[in-house]
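The values are calculated or read from the model by the stated rules, or taken from the named source; none is laboratory data. All figures in this text were calculated on a predicted structure; none of them were measured in a lab. In this analysis, Cβ positions are derived from the backbone assuming ideal geometry, glycine residues included, and neighbour counts consider all displayed protein chains. Ligands, DNA and RNA are excluded from the accessible area calculation, which covers all protein heavy atoms including side chains. Shrake-Rupley method; radii C 1.70, N 1.55, O 1.52, S 1.80 Å.
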There are 4 protein chains.
Amino acid sequence: MAAETPLIETAALEAALQRFADERDWQRYHTPRNLMLALTGEVGELAEIFQWLTDEEVAQLADDPARFTHLQEEVADVLLYLVRLASVLKLDINAAVRDKLQKNAIKYPAPAADAPAA
Amino acid sequence: MAAETPLIETAALEAALQRFADERDWQRYHTPRNLMLALTGEVGELAEIFQWLTDEEVAQLADDPARFTHLQEEVADVLLYLVRLASVLKLDINAAVRDKLQKNAIKYPAPAADAPAA
Amino acid sequence: MAAETPLIETAALEAALQRFADERDWQRYHTPRNLMLALTGEVGELAEIFQWLTDEEVAQLADDPARFTHLQEEVADVLLYLVRLASVLKLDINAAVRDKLQKNAIKYPAPAADAPAA
Amino acid sequence: MAAETPLIETAALEAALQRFADERDWQRYHTPRNLMLALTGEVGELAEIFQWLTDEEVAQLADDPARFTHLQEEVADVLLYLVRLASVLKLDINAAVRDKLQKNAIKYPAPAADAPAA
């Protein structure tokens, strides 16, 4: 049987974050609880971008390079802390995602698209 | 010049999430603001795991399969909504992460580990 | 000079929360960092209520007693942890609120409603 | 029967926040979903204060006036948005808190401190 293709690959990012922490002697700060609080901080910064905008105004963010860059940075910050947290917890991110998607598919079954017409 | 190796690859996951939404006709719910609120909800569930634990107790989560599975699920839920949000925003996740890591490296320069002794 | 009327009074609630913790020997869990994580958890539960609703659907929550009770509970949970956090930090909630409102009034000056016409 | 003493009184603050919004024509921004996102933003700023600190370092925040003022401001910001959200939802904050405390007392009964010895 062929190896399953991963849904997400984070090994290079996890290694880069480990190296970044090592070079600055930041491992001692990177406890799961600290990273959880840092993640919360970044989620707050991302939420701030959307707080007073309508859906239409959000759709237009892509037309404003400065604001879109800011949006990209905040999404990246959330992702960096989340991946770092998972990494510190020695959690297999792809396996976690794959298993959760399978559970979601059971919990929320898709309507049978090709059901025969009555 | 060789193509740069990505730090993170999410294309398969983004496609799986798109298909999951399509099959359930959920695209109309997946506005950025809705996904931001859903992301906040999942971040809350992840935070709850850590709220009353010491660092030592967090380190022991890996020894308890039921609790570690729960931890994996909550990390996955945060990641699924974050990747879906980025996808809906048509944001290049790898580019966002790469650019932010470069900015972080400038903002927090690493001490010169191999500086010659005086 | 007459004593300033408080904007918010929380003394009875702070005492009730202290007694609740004392009776269960929970003070040892109520560190600021633990309470911050618990607050994040409750904020997540509150956000979940709103995540897939339109503004119109949110406005109709008051018409559904079961859902409105759930909303009240989640607002209360956030408030209970926030007041407990402030209390453990020995922070004067009314003074904090009063000072912040004054700063906000300077930062965002109100347009002069009764400015004479030109 | 004597009127029950409130656990928390927020009427003056709710009125001040309403006036603040009215003077700036901000009511149209103060939808529950917008306020929920703004609350998330402020919770993130509060979490950032604690993210890299040990419990001992948190305890010392009170000794540093500038940092303690910053802490007070962030607690106030969370509270202001939470009270404003409750107010816009026409929710009785004291009743919500009182009912939730009663439910918590049932869910987590206190050990009988004065139980007679066997």
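A few points about this structure:
- Residue-averaged [θ]222 nm for chain B, counting only DSSP H segments that reach four residues, each worth -39500 (n - 2.57): -21500 deg cm²/dmol
- Per residue, the convex hull volume that the Cα atoms of the stretch D:5-49 enclose (Å³): 110 Å³
- Structure remark: mean-square fluctuation, Gaussian network model of chain D, C-alpha springs under 10 Å; the largest value among D:Asn34, D:Asn104, D:Asn94 belongs to D:Asn104.
- For chain C, built as a Gaussian network whose Cα springs stay under 10 Å, the top-fluctuating residue of C:Ala59, C:Ala16, C:Ala38: C:Ala59
- Measuring nothing but how far apart in sequence close Cα pairs (under 8 Å, 6+ apart) lie, relative to its length, chain D scores a relative contact order of 40 percent.
- Rg(Cα)/(2.2 N^0.38 Å) for the protein assembly as shown, N = residue count: 1.05
- In chain C, the beta carbon lying closest to the axis that superposes C onto A belongs to the residue given here with its whole-angstrom distance, C:Thr40, 3.
- GNM result for chain B, Cα springs below 10 Å: residue of B:Asp92, B:Asp22, B:Asp55 fluctuating most strongly: B:Asp55
- Only protein heavy atoms count here; under a 1.4 Å probe, B:Ile49 has an accessible surface of about 30 Å².
- 7 Å along Cα→Cβ, label-point gaps from C:Ala12 to other copies, nm, shortest first: 1.6, 6.0, 6.2
- Spatially proximal lysines relative to B:Lys90 (Cα-Cα < 23 Å; intrachain offsets below 8 disregarded): B:Lys100, B:Lys103
- The alpha carbon convex hull volume per residue for the stretch B:13-118 rounds to 185 Å³.
- Mean per-residue shielding of peptide D:66-75 is 4, counting Cβ atoms of other chains within 10 Å of each Cβ.
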